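FYI, it's all coordinate maths here, none of it is from the lab. Fair warning: this is a prediction, and the values are worked out from it, not measured in the lab. A quick note on method: Cβ atoms are made from the backbone with ideal geometry, for glycine too, and the neighbour counts reach across all protein chains shown.
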Amino acid sequence: MTTKMLIRDFPKDERPRERFLQDGAQSLSNQELLALLLRTGTQNESVMQLSNKLISHFEGLRLLKDASVEEMISIRGIGEAKAIQILAAVELGRRISNFTDQDRYVIRSPEDCANYCMNDMRFLTQEHFVCLYLNTKNQVLHKQTIFIGSLNSSIVHPREVYKEAFRRSAASIICVHNHPSGDPTPSREDIEVTKRLAECGKIIGIDILDHVIIGDKKYVSLKEKGYL
């Protein structure tokens, strides 16, 4: 008779969750990663035994990528919920592996930036200050709303702008905000905020490439205006 060994029976430094937190996902075996997805075993099998059974059934991970829900639930101990969890994780992995830089939007000019943001921002009833974080090829890595409300140099803090840049390993930033009036003419505050952020960028080594103001089907580039 096989003894059911529970996760709590393992020493703490051998438990998958604790090892994940301490050493990262890459330190875990396929069996341990599956155990984290499954979360629980059955009355007769621990979650580690159940994940090992899955590994054996699918010859490692080779056949798992093409498994169906029906095939998964044919394995004793795997219900519909567990099958969906595992196959959802497989699909996420597939999508990530298929992702390429060609899928990223490239900004080579203020017009490119305006085209990227215009439809999302032209009808906003409040000012939204948004940052586009770019890689070395000027491809958009991430778009983040930093602040909502009237622009003020004391409120739009460089810390919030550059925190995301470090997180995304961005090479440069383009700032964008809208004028609900529809008139993209820059205000004194717009110019002050831009200069302050640009000065911080020079110190940090992450350039502010431009600050584009979005109006109603119109835009203004502060770089083209000579403020950067």
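Two decimals is fine: what is log10 I(q)/I(0) at q = 0.13, 0.21, 0.22 Å⁻¹ for the stretch 103-221, from a Debye sum with one equal scatterer on every Cα and no solvent?
For the requested q values the scattering log ratios are -0.43, -1.20, -1.32.
Please give the net charge around Arg122, taking every other residue with its beta carbon less than 14 angstrom from that of Arg122, where Lys and Arg add +1 and Asp and Glu add -1.
-2
Which is farthest toward the positive dipole end of the stretch 103-221 among Asn135, Asn178, Ile107, measuring Cα position about the Cα centre, with Cβ charges +1 (Lys, Arg) and -1 (Asp, Glu)?
Asn135
Using θ = phi - 60° and the Karplus form 6.51 cos²θ - 1.76 cosθ + 1.60, what ³J(HN,Hα) does each residue of the stretch 106-120 get, whole Hz, x for Gly and Pro?
9, 10, 10, 7, x, 5, 4, 5, 4, 4, 5, 10, 4, 5, 7
On C-alpha positions alone, give me the angle between the axis of helix 47-57 and the longest principal axis of the chain, in degrees, nearest 10.
90
Taking the Cα atoms of the stretch 7-99 alone, what are Rg (to one decimal) and Dmax (as a whole number) in Å?
13.3, 40
For the stretch 76-82, just list the computed ³J(HN,Hα) in residue order, Karplus coefficients 6.51, -1.76 and 1.60, θ = phi - 60°, integers in Hz, with x standing in for Gly and Pro.
For the stretch 76-82, the Karplus-derived couplings read 4, x, 10, x, 4, 4, 5 Hz, x marking Gly and Pro.
Where in the chain lies the longest segment free of chymotrypsin sites (Phe, Trp or Tyr not before Pro) that are both loop residues by DSSP (not H, G, I, E, B) and have at most 13 other Cβ atoms within 10 Å?
124-228
Output needed for the stretch 52-141: three equivalent-ellipsoid semi-axes, defined as square roots of 5 times the C-alpha gyration tensor eigenvalues, in descending order, whole Å. The partial results should precede the final answer.
Details: eigenvalues 384, 58, 16 Å².
Semi-axis lengths for the stretch 52-141 are 44, 17, 9 Å.
Which number do you get for Rg(Cα) / (2.2 N^0.38 Å) in the chain?
Numbers: Rg = 25.2 Å, N = 228, 2.2 N^0.38 = 17.3 Å.
Normalised by 2.2 N^0.38 Å, the Cα Rg of the chain equals 1.46.
Past 19 Å, Cα to Cα, is the threshold; run Lys195/Lys225; Lys143/Lys202; Lys53/Lys82; Lys163/Lys202; Lys195/Lys223 against it and keep the listed order.
Lys143/Lys202
Can you give me the pair-distance distribution of the stretch 187-228, C-alpha pairs, 10 Å bins, whole percents?
Histogramming the stretch 187-228 at 10 Å steps yields 29, 53, 16, 2 percent.
Considering only Leu21, Leu132, Leu64, give the residue with the highest GNM mean-square fluctuation for the chain, with springs between Cα atoms whenever their separation is below 10 Å.
For the chain, modelled as a Gaussian network with Cα springs under 10 Å, the answer is Leu21.
Counting only GluC sites (Glu not before Pro) that are in a DSSP loop and have at most 14 other C-beta atoms within 10 Å, tell me the longest site-free stretch of the chain. Show your work: numbers first, answer last.
Details: sites that count: Glu59, Glu224.
In short, 60-223.
Any idea what the relative contact order of the chain is, in percent, if you count C-alpha pairs under 8 Å spaced at least 6 apart?
Relative contact order for the chain comes out at 14 percent.
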